[in-house]
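What follows is calculated from the coordinates using simple rules that are stated; it is not laboratory data. None of the values given here were measured: they were computed from a predicted structure.
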Amino acid sequence: MSLPMSLLILAAYLLGSLSFAVIVSKTMGLADPRTYGSNNPGATNVLRSGNKKAAALTLLGDALKGWLAVFAAQQLAPLLGLGDAGSIPYTQAIAAVAIAVTIGHMWPIFFKFKGGKGVATAAGILLALNVWLGLATLAIWIFVAKVLKISSLSALIAAVFSPLLTLWLMPNQPIYLGAVTVIAILLIHRHKQNIIGLMQGKESKIGDKTKP
């Protein structure tokens, strides 16, 4: 692995390690989201505090860092000698950055490797890779969330569909397909407790409040 690619991956991981659920909650004087509800530092759990503004800022921040990591890599890769858009070194670098920022969010070095589940960050990544891919995946999440009102199930279904949408909207891009598939697998893995809760009928609905 070249030094420029290593630097992009490291920067993406560190950016992903910024947990906006914790940062926003602390800034707004709210309880640490890792101490109530699902104990997950994510927008859905922050919403359980009853503070919609904090939840929205968390969602925006987590999505923005995913988008920014990939967008910045797209701009910097050619300047760092990793080829132009479409070349194998370029696509490998972008794919690696997408996975790195996801891992940073899920296992952040700044927060004792206890991070979120990656839904918002993955959405930002997909939007940066291909805006239609991001919007299509987001539409699936919104549709399921509106109908069933269960955030985890919405995320799981969107994750399952994301590689299929990548295959459709980004044909002949096996490296990006591989990256999206890895991210989907990681996201599903991070939802393993939610899967158990779904099977037991114990998953909470979007907007349910938990007293910190």
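Once a ≥ b ≥ c are taken as the square roots of the eigenvalues of the Cα gyration tensor of segment 132-212, is the result rounded (a/c under 1.5), prolate (a/b larger than b/c) or oblate (a/b not larger than b/c)? Display every interim value, and only then the final one.
Values: a/c = 2.91, a/b = 1.90, b/c = 1.53.
Taking the square roots of the gyration eigenvalues as a ≥ b ≥ c, segment 132-212 is prolate.
For the chain, set up a GNM with springs between Cα atoms under 10 Å and report which of Ser162, Ser152, Ser38 has the largest fluctuation.
Greatest mean-square fluctuation among the candidates belongs to Ser38.
Just from its helices, what would the mean residue ellipticity at 222 nm be for the chain, if runs of 4 or more DSSP H residues each count -39500 (n - 2.57) and the sum is divided by every residue, rounded to the nearest 500 deg cm²/dmol?
-23000 deg cm²/dmol
If I fit a long axis through the Cα atoms of helix 131-148 and take the longest principal axis of the Cα atoms of the chain, what angle between them do I get, 0 to 90°, rounded to 10?
Roughly 20 degrees, rounded to the nearest 10.
Could you pull the Cα extents of segment 1-97 along its three principal axes, largest to smallest, in whole Å?
If we take the Cα atoms of segment 1-97, the spans are 47, 20, 19 Å.
Cut-off 10 angstrom, C-alpha nodes, Gaussian network model of the chain. Which of Ala98, Ala63, Ala139 fluctuates the most?
Sorting by GNM fluctuation, first place goes to Ala139.
Relative to the longest principal Cα axis of the chain, at what angle does helix 3-16 sit, 0 to 90 degrees, rounded to 10?
10 degrees
Please tell me the relative contact order of the chain in percent, rounded to the nearest whole number, where contacts are Cα pairs under 8 Å and at least six residues apart.
Relative CO of the chain lands at 24 percent.
For helix 88-106, what angle does its Cα long axis make with the longest principal axis of the chain, in degrees from 0 to 90 and rounded to 10?
Orientation of helix 88-106: about 20 degrees from the principal axis.
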